[in-house]
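Enquirer: The structure under discussion is supplied below as structure tokens; questions concerning it will follow.
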Amino acid sequence: MADREAVEQEERTSLAEELGVRIYIMGKEYRVPAGLTIMKAMEYAGYKFIRGAGCRAGFCGACGTVYRKEGEYKLRFAVACQKLVEDGMFLVQLPFAPAPRVSYDLEKLRPTENVLLKLYPELARCVACNTCTKACPQEIPVMDYIQAALRGDIKRVAELSFDCIQCGLCSMRCPADIKHYHVAQLARRLYGRYLAPKAEHLAQRVAEIEAGRFDEELDRLTRMGKEELSKLYEARQIEEGVGV
Amino acid sequence: MRIAYYPGCSLKALAANFDRSARAAMGALGVELVELERWNCCGTVSSLTTDDLMRQLAPVRNLIRAQEAGERRLVTACAMCYNTLKRAALRVEAHPEELAKINAFLDEEPDYRGGVRVLHLLELLRDEVGFEAVAKRVVRPLEGLRVAPYYGCLLLRPRGVGLDDPENPSILEELVRALGAEPVDSPLKGQCCGSYHTVAHKEVVARRAHKILSEAASRGAEALISSCPLCSFNLDNRQRLIRELDGSFAPLPVLYFTELMALAFGLEEALSPEGHYVDPRPFLEERQLLRR
Amino acid sequence: MDKMGKIDLSAKELQEEVEALSGQRVFACYHCGKCTAGCPFASEMDLTPRQVLEYIMEGRVEVLNSRTIWLCAACFTCTVRCPNGIDIARVMEALRQILLRRGEDSLDLASLGEEELPQIALVAGARKLIG
């Protein structure tokens, strides 16, 4: 049995190499070369992205998408520019997650226990189903930070949500209509503005700069020619073990 | 004694004084409340339809957290968390087919196997610590202080979930006596404060609270104790609105039962003005129960 | 507030849906009125709790327009006192759910005032009043 499965798997792999990977875009079958990302595969099939595509490097969160694999009951989630197509994938493009961000003035807000709930009262509707976490392509414990937001723990929200790329898949899936990634962004802003320990050496250095401690050196650098600058750059001190 | 503790959201925010006083008072009795890791909101009100398993996910997930920690018991201070967690625990024990569905949905969690018992702090005091031990720990007896116990709904009802006789409870009275104070009985001690109507129908809540507070005051109560952040909010903060409706209404301090315990145990630092609309300290200072 | 305009429900469908959602036998009610006598919100209601049961038994779907079903805060006083063991709080919840499941919310989170409310109030309100 296992042998037959292995043979079949091998056949499928070689088929994919020869004839391409069989994918379905909005229900229509296409064959594309193996090794393409979802985004590139859709472009190969003739789709053109005007929106819903950004950095193409997995950071900007513009291309959050869903797909289903043949024979599976679960929907899967990814950023389209990162996930490679597999044989039998059902694809679609989600152009945008319509989740309005509340308008606020950070300087007028305070990091109180209720500030997140006040601006995003739908937090109160969380049923702890964890669908958001399952939808996150960044593997963030989204439900955990929403629960922390509900009880006003801004620091924890900021920490847990740090890797969020704002693709919006959590909010598209939420049965309670929570705007998770906007809540998290607000928490990180509040944390940065009011709660994070201040970097004292930074303030000190800024004060030194303002006091003119580096004026002379800066003047020297700005007066240098390109050749001299290059020489100086090449000769700069490099920490041991740091790749360039 | 160490016991797994579920604080609930409100005790982490506007009702932090409930959490603080609960830890302090129980600590003084040798009970360490060990906060559950990664707990989530219990869902507050228990959902009452037959097909509402989605709304049982939140409480069951907390029971799984207790199970993961190897705990067989989970104690709460908040009456609403207590009611909702306990109802869910009892429901899945009685309906294994529902538990199977819930476990199947929660496929990222270990299965809940049942068997976590949900307790309220008052039950722990009555059944394990004992009110005698409570009385022994008192360093400043609240002599002559007339306190009205307020149970509200969720400590008492429905039958089988509540921790005392739903029509004639006595657990808070016993606690008040153990602390050296005098319990003031009121026929409204188990009547609803108006609950979540405080969000959109404040005036309904103010009328309810007015009745409950006036009844207790007319029987000589100088303060009222509660075990629920929502009851306390409605009975305390809504006094502002009650004053608008009835100019002759005299403010009545509302305390958590754990704050009264902390006071009698000499843990004054656990009694802060935060979390109170009617500051209880001036009146307690006047009665020489709190140092100025 | 007329929520009935959009809801097409026959007398029988109302009765069946209430019994299915609540798991209660509404027809066990013999109208003693203990539910009403003990209800702390009765004075604020348009229909008393007993009348709500009567309306359901008579198949009067206008019960869904009643202020009573939203005023009930599930305090369970009626539930513990009903001599026929009807969990009336569940009947009220079923009536609310009939509306909520058809998109008829009773609370708008966007219109909350400036007041600082405890989490417990907002979560409870959202659960009971929003579908």
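Enquirer: Going through the cross-link list B:12/B:136; A:28/A:69; A:69/B:101, which pairs have a Cα-Cα distance over 19 Å in this structure?
Expert: B:12/B:136; A:69/B:101
Enquirer: Which whole number gives the average count of other chain Cβ atoms within 10 Å of the Cβ atoms across peptide A:146-153?
Expert: Averaged over the peptide's residues, the number is 5.
Enquirer: Now a separate question. How shielded is A:109-119 by partner chains, expressed as the average number of their Cβ atoms within 10 Å of its Cβ atoms?
Expert: Shielding by partners across A:109-119 averages 3.
Enquirer: Can I ask one more? Sort A:172, A:26, A:42 so the one with the fewest other Cβ atoms within 10 Å of its own Cβ comes first.
Expert: A:26, A:172, A:42
Enquirer: Same structure, new question: Ranked by Cβ crowding within 10 angstrom, fewest neighbours first, how are A:215, A:153 ordered?
Expert: Starting with the residue having the fewest Cβ neighbours, the order is A:215, A:153.
Enquirer: Pull out a ≥ b ≥ c, the square roots of the eigenvalues of the alpha-carbon gyration tensor of the stretch B:2-121, then state rounded if a/c is under 1.5, prolate if not and a/b is larger than b/c, and oblate in the remaining case.
Expert: Note, shape of the stretch B:2-121 comes out prolate.
Enquirer: Would you give the gap between the C-alpha center of the stretch B:218-292 and the C-alpha center of the stretch C:70-131, rounded to a whole Å?
Expert: Taking the Cα centre of the stretch C:70-131 as reference, the centre of the stretch B:218-292 is 28 Å away.
Enquirer: Starting from one equal scatterer on each C-alpha and no solvent at all, send me the Debye-based log10 I(q)/I(0) for the stretch A:20-93 at q = 0.22 Å⁻¹, two decimals.
Expert: -0.93
Enquirer: Over 23 Å between C-alpha atoms is what I'm after, so list which of A:48/A:83; A:155/B:202; A:155/B:86; A:179/C:128; A:108/A:198 land there.
Expert: A:155/B:202; A:155/B:86
Enquirer: Normalise the Cα radius of gyration of the stretch B:139-286 by 2.2 N^0.38 Å (N = residues in it) and let me know the number.
Expert: Rg over 2.2 N^0.38 Å, computed on Cα atoms: 0.99.
Enquirer: Another question, then. Take the alpha carbon atoms of the stretch B:48-83, find their center, do the same for the stretch A:180-226, and report the distance between the two centers in whole angstrom.
Expert: Cα centroid to Cα centroid, the span is 47 Å.
Enquirer: For the pair residue B:95 and residue A:198, how long in nm is the line joining their label points, each one 7 Å along Cα→Cβ?
Expert: 5.6
Enquirer: In percent, how large is the relative contact order of chain A, given Cα pairs closer than 8 Å and 6 or more residues apart?
Expert: 15
Enquirer: List B:120, A:182 from most exposed to least, where exposure is judged by having the fewest other Cβ atoms within 10 Å.
Expert: Fewest-to-most Cβ neighbours within 10 Å comes out as A:182, B:120.
Enquirer: Let me ask something additional. List the trypsin sites (Lys or Arg not before Pro) within the stretch A:176-244 that DSSP assigns to loop and that have no more than 16 neighbouring Cβ atoms inside 10 Å.
Expert: A:198, A:213, A:236
Enquirer: On to the next question. Once the Cβ-Cβ distance between residue A:69 and residue B:117 is put in as r, and R0 is 56 Å, what FRET efficiency do you end up with, to the nearest 0.05?
Expert: 0.85
Enquirer: Relative contact order for the stretch A:115-195: what is it in percent, counting Cα pairs under 8 Å that are at least 6 residues apart?
Expert: Value for the stretch A:115-195: 34 percent.
Enquirer: Could you pull out the chymotrypsin sites (Phe, Trp or Tyr not before Pro) across the stretch C:1-76 that fall in loop regions by DSSP (anything but H, G, I, E, B) with no more than 13 other Cβ atoms inside 10 Å?
Expert: Sparse-neighbourhood loop chymotrypsin sites (Phe, Trp or Tyr not before Pro): C:30.
Enquirer: Please average, across the residues of C:107-114, the number of beta carbons from any other chain that are within 10 Å of each residue's own beta carbon, and give a whole number.
Expert: Per residue, the average neighbour count from other chains is 4.
Enquirer: A further question follows. The stretch B:128-193 to the stretch A:122-159: how many Å between their Cα centroids?
Expert: The distance from the Cα centre of the stretch B:128-193 to that of the stretch A:122-159 comes to 37 Å.
Enquirer: Right, next: Ignoring GluC sites (Glu not before Pro) that are buried or in helix or strand per DSSP, and keeping those with at most 12 other beta carbon atoms within 10 Å, what is the longest stretch of chain A between them?
Expert: So the longest stretch without any such site is A:140-238.
Enquirer: What relative contact order, as a whole-number percentage, does chain B give when Cα pairs under 8 Å and 6 or more residues apart are counted?
Expert: 19
Enquirer: Please check: in the Gaussian network model of chain B (C-alpha springs, under 10 Å), which one of B:241, B:125, B:29 has the largest mean-square fluctuation.
Expert: Comparing B:241, B:125, B:29 in the GNM, the peak value goes to B:241.
Enquirer: Still on this structure, please answer the following. For chain A, take every pair of Cα atoms, bin their distances at 10 Å starting from 0, and report each bin as a whole percent.
Expert: 7, 21, 21, 18, 18, 11, 3, 0
Enquirer: Right, here's the next one. Restricting the count to DSSP beta bridges whose residues both fall in the protein assembly as shown, what percent are antiparallel, rounded to a multiple of 5?
Expert: In the protein assembly as shown, DSSP labels about 40 percent of beta bridges as antiparallel.
Enquirer: With the cut-off at 1.5 for a/c, could you classify the protein assembly as shown from its C-alpha gyration tensor as rounded, prolate or oblate?
Expert: Here the protein assembly as shown falls in the oblate category.
Enquirer: For chain B, what value does the Rg/Rh ratio take when both radii are computed over Cα atoms and Rh is the Kirkwood radius, given to two decimals?
Expert: 0.98
Enquirer: For the protein assembly as shown, what is the calculated [θ] at 222 nm in deg cm²/dmol (nearest 500), taking -39500 (n - 2.57) for each run of four or more DSSP H residues and dividing by its residue count?
Expert: Only helices count here, giving -11000 deg cm²/dmol.
Each value in this text was obtained by applying a stated rule to the coordinates, not by laboratory testing. Nothing here was measured: the structure is a model prediction, and the numbers come from that model. Quick reminder, even Gly has a Cβ in these numbers, built from the backbone with ideal geometry, and neighbours come from all protein chains shown.
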